[in-house]
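The values are calculated or read from the model by the stated rules, or taken from the named source; none is laboratory data. Computed from a predicted model, the values in this text were never measured in an experiment. No Cβ is skipped: glycine too gets one built from the backbone with ideal geometry, and neighbour counts run over all protein chains shown.
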Amino acid sequence: MAEKSKLLWVAQSPAPSNLRHAAKNRWELTPYQPRLSLADQLNASSLAVIRPNGTADDPQHLRALLKELEGTSAVALFLLSRQSKLAWQMLANQPGQFLCAPDDAPVRELRDKLAAAAALQPVIKDLQWQLAAAKASRPPSRELEELNEEMRLAARLQRDFLPRRLPEVGPVRFGVLYRPAGWVSGDIYDVTRLDEKNVGFYIADAVGHGMPAALLTMFIKKALPTKRIVGNSYEIIPPHLSLAALNHDICDQSLSNFQFCTAVYCILDTQSLTLTFARAGHPDPILLHPDGTAQKLAAPGSLLGIFPNEPYQSRQLQLSPGDRLLVYSDGLETALRDPVSGQIPVLDQVVGPWVGLPRNELLLRLTDRIDSHHGRAKDEDDVTVVLVDIEA
């Protein structure tokens, strides 16, 4: 009997019976080890079945899985619940080395999907090898030099869109850590005074890397509405309405490669210290208190650019002198991943011991921690952090 090929099972639960029967006689189902690097396990298996379970409608979880898969030569079959509309929408329009099937699909359908994935895997591996060989053997050319110069100019232009000076209003101070993974970034942030007492700030993270993601950030920068004219005056637009308007505008563009993004937008009243915020599929901001305790600021809201009429909700929170707010893109969590175990640390536990440090020193400690985990090129992502201090 021919030796069975290894089929990596990526899930928190045992493989369902329909998959076990589909894999029978040809593939050996091997559960993944959560404490080890998923990317390494994917490379070792070449073929995987991924079942996101109850997190299928969590865009951050799906993005993390896709990033892990992208840096390998493996091909994956995603098993999705028929009720997971967001997951189906994301994966159906996202190019990549994977197939999708309902988790209740009949055995024959799953067997055919596995066979198709297995047939695709050598093609993916060969293309990656050819690309790597071409890059290694091709001497620098004038065209390449011109492209590098254009990318440098694009990076400079993108940075011109970032705030040149962070506002200081009352007891509120800001600090920023901004580290693109390449010439240009799929992250964008802004901090701006909305009037005498209110400051608005946000981070948006376009899915993907390189120029397409960077171009979407330029659109976000100009499209996010913060104020509207009312007669001879104005009113500040609440964060949930700002995100809803931005989401509608992105959906209206009908972008050819189906780009979407996450975002968190906050408005801080610097007199009352009332924080109003809304999220769109973005990591929860973390509020650090002077005593070292921390809390995540959650609010419902899906990614921007998928459903035109997606509702968002604003949440309010009372801040106090000595509080410190950490708003960040998910690249920060990837950057802090342990290079040996592959585990991502709990972020508030990383920054908790530094809560009493000056703002700039805390950001330097965070930068040093990221650099100490360098060597993660295959899963490197843009990193953006906005740190907000309420001075005592």
Out of Gln121, Gln128, which single residue is surrounded by 13 or more Cβ atoms within 10 Å (Cβ to Cβ), part of a helix (DSSP H, G or I) and at pLDDT below 75? Gln128
Restricting attention to segment 4-40, and to residues there that are in contact with an Asp or Glu (Cβ under 9 Å, 6 or more places away or on another chain) and outside any strand (DSSP E or B), which single residue is surrounded by the fewest Cβ atoms within 10 Å (Cβ to Cβ)? Lys4
Pairs returned, first residue in segment 147-161 that is in the same structural domain as Ala214 (by TED's automatic domain parsing), second residue that is part of a helix (DSSP H, G or I) and among the basic types (Lys, Arg), beta-carbon separation under 7 angstrom, 6 or more apart or interchain, are Phe161/Lys221
Of all residues in segment 150-205, which are of a type in the set (Phe, Trp, Tyr), touching a strand residue (DSSP E or B) at 6+ places or on another chain (Cβ under 8 Å) and either surrounded by 16 or more Cβ atoms within 10 Å (Cβ to Cβ) or at pLDDT 90 or above (or both)? Phe174, Tyr178, Tyr189, Phe201, Tyr202
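Residue by residue, here is whether (1) closer than 21 Å to Val355 by Cα; (2) buried (at least 18 other Cβ atoms within 10 Å of the Cβ); (3) not aromatic (Phe, Trp, Tyr) holds:
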site	(1), (2), (3)
Ala245	no, no, yes
His248	no, no, yes
Cys261	no, yes, yes
Val264	no, yes, yes
Leu297	yes, yes, yes
Pro300	no, no, yes
Phe307	no, no, no
Flag if Ala136 is modelled with pLDDT of 75 or more, among the small types (Gly, Ala, Ser) and in a helix (DSSP H, G or I): no
Hits in segment 67-114 (condition: more than 16 Å from Trp9 (Cβ to Cβ), over 19 Å from the mean Cα position of the chain (by Cα), surrounded by 20 or more Cβ atoms within 10 Å (Cβ to Cβ) and touching a residue at least 40 places away in the same chain (Cβ under 8 Å)): none
Scan segment 289-311 and tell me whether some residue there is part of a strand (DSSP E or B), assigned by TED's automatic domain parsing to the domain that holds Ala206 and free of Cβ contacts under 8 Å to residues at least 24 places away in the same chain. yes
Quick check on this structure: which one of Asp381, Asp389, Asp348 is part of a loop (DSSP other than H, G, I, E, B) and surrounded by 13 or more Cβ atoms within 10 Å (Cβ to Cβ)? Asp381
Candidate set from segment 227-283 (those that are at pLDDT 95 or above and of a type in the set (Phe, Trp, Tyr)); member that is nearest to Phe174 (Cα to Cα): Tyr265
Restricting to segment 353-378, and then to whatever is of a type in the set (Gly, Ala, Ser) and not in a helix (DSSP H, G or I), can you tell me which residue is modelled with the highest pLDDT? Gly356
Mind listing whichever residues of segment 212-241 are assigned to a helix (DSSP H, G or I), of a type in the set (D, E, K, R) and in contact (Cβ under 8 Å) with a residue 12 or more places away in the chain? Lys221
